[in-house]
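Report on the following structure.
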């Protein structure tokens, strides 16, 4: 797993590329645009960062909190009030969310360009916020199942759209840091959401409502407020944006065109089955499933694991925050290293090993301190792998249409990972969840095998590309060390 090698792209012989956009005037990208001052590009990309990352990060944090807060609420009187401790009711409530979430992700991403990023994201955020708020008033567990189903319907299109949008704005060596920034926001917020839930549970009895009702109501209302803000601030795709000047838009599009040659979208019509026939798409999706199982398991069951170590409910909720803060540091550190050294698979392998060690400690260590340390390692490893695999996938996909399909399928497999997590971590296995831990460790071993397969494949692909280009071994090393300009596919 050495430094990245790139296949060179075809380049137009002229010095000027003219791009026709459906929402902007024709934009002329001049090869001689270097007459702009040196700070123009950094200023432009900082403006893009501030417009895209904070709000999308906050929205993703709310999505993650809203889909997993039933686990935190389960430590309150929710189970007793709605009878979730009867049979498999709690597992049904947890996993029913993922059924529509999995089924609707691809259709949602397919219509993203037609509907528009701002329209789709705003609509989904407002809808799932309203459902989350309604969960605070459900009288029976059946209504809770209905609300969780609707939550899956409305959240289905959000995360694949978010990932797809981010990959259209940035060059390949930048993507993981940007996705990591979004995911880091959600991790930190997710960690402290348990503390927020503890505070909201203190409202138990206020207004005639239970503490768990206040958790759902307040978090649902917050989601809807951010949904209104998203209508104002969420940008569309680069060729449709309205917050950059024409020169800044030209710069953004030129950067993408030079990096991978797909600055402007191609039509998805008639291509879905073709894209789905690419075996690499399914490997990326399976890899993503492997890392989402431990991520969801920790999100849903960390408080139960901590409670099983002997801490009371309040302390269990408070102790969820530190592992998430540590995971946020891990996410950004591995993203920086991966982008800095143009290596994905090596760092993903390290993260998988961290997850294996952490899960083993959590399952089998004796003292609670060692088990708690295992949660730190497992959460840090699997959390860093999520943006890593999304970047690994998007870096090796050319064209908007194929990236839309690949992103949707990959994220939908994450939903399958959620179903697996909620079913293999069974109530009868509390507090160590040994069968679930062993199954999750096995998935990390599978991830290592798949990483090895993809590494060998990309190494051979790059070797063939170098031979076709007539490059010697010495010149190929120099080529790999160059900027990512004028490149197509990436192998790691």
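Please treat every number below as a calculation from the coordinates, not as lab data. Remember, it's a predicted structure, so these values are computed and weren't measured experimentally. Positions of Cβ are backbone-derived with ideal geometry, glycine not excepted, and every protein chain shown enters the neighbour counts.
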- What about residue 232, is it more than 21 Å from residue 414 (Cβ to Cβ) and part of a helix (DSSP H, G or I)? yes
- Query: Just to be sure, is residue 199 surrounded by fewer than 19 Cβ atoms within 10 Å (Cβ to Cβ), out of contact with any strand residue (DSSP E or B) (no Cβ under 7 Å at 6 or more places or on another chain), closer than 30 Å to residue 329 by Cβ and in contact (Cβ under 8 Å) with a residue 60 or more places away in the chain?
  - Reply: no
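Is it fair to say residue 410 is within 12 Å of residue 91 (Cβ to Cβ), buried (at least 24 other Cβ atoms within 10 Å of the Cβ) and out of contact with any strand residue (DSSP E or B) (no Cβ under 8 Å at 6 or more places or on another chain)? So that I can check it myself, show each step before the final result.
Values: within 12 Å of residue 91 (Cβ to Cβ): no; buried (at least 24 other Cβ atoms within 10 Å of the Cβ): yes; out of contact with any strand residue (DSSP E or B) (no Cβ under 8 Å at 6 or more places or on another chain): yes.
No: the conditions fail for residue 410.
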- Task: Go through (1) surrounded by fewer than 23 Cβ atoms within 10 Å (Cβ to Cβ); (2) in contact with a helix residue (DSSP H, G or I) (Cβ under 7 Å, 6 or more places away or on another chain); (3) assigned to a helix (DSSP H, G or I) one by one and return the number of the condition residue 176 breaks.
- Result: (1)
- Note on the structure: Of the residues in region 391-403 that are closer than 14 Å to residue 169 by Cα and part of a helix (DSSP H, G or I), the one that is farthest from the chain's Cα centre (by Cα) is 400
- Message: So, residue 329, is that one assigned to a helix (DSSP H, G or I) and under 27 Å from residue 96 (Cβ atoms) or not?
- Response: no
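Tell me, yes or no, whether region 307-319 has at least one residue that is in a helix (DSSP H, G or I) and under 23 Å from the mean Cα position of the chain (by Cα). Steps first, answer last, please.
Going residue by residue through region 307-319, those that are in a helix (DSSP H, G or I) are 307-308, 313-318.
Remaining after also requiring under 23 Å from the mean Cα position of the chain (by Cα): none.
No, region 307-319 has no match at all.
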- Any idea which of (1) in a helix (DSSP H, G or I); (2) over 26 Å from the mean Cα position of the chain (by Cα) is the one residue 259 doesn't satisfy? (2)
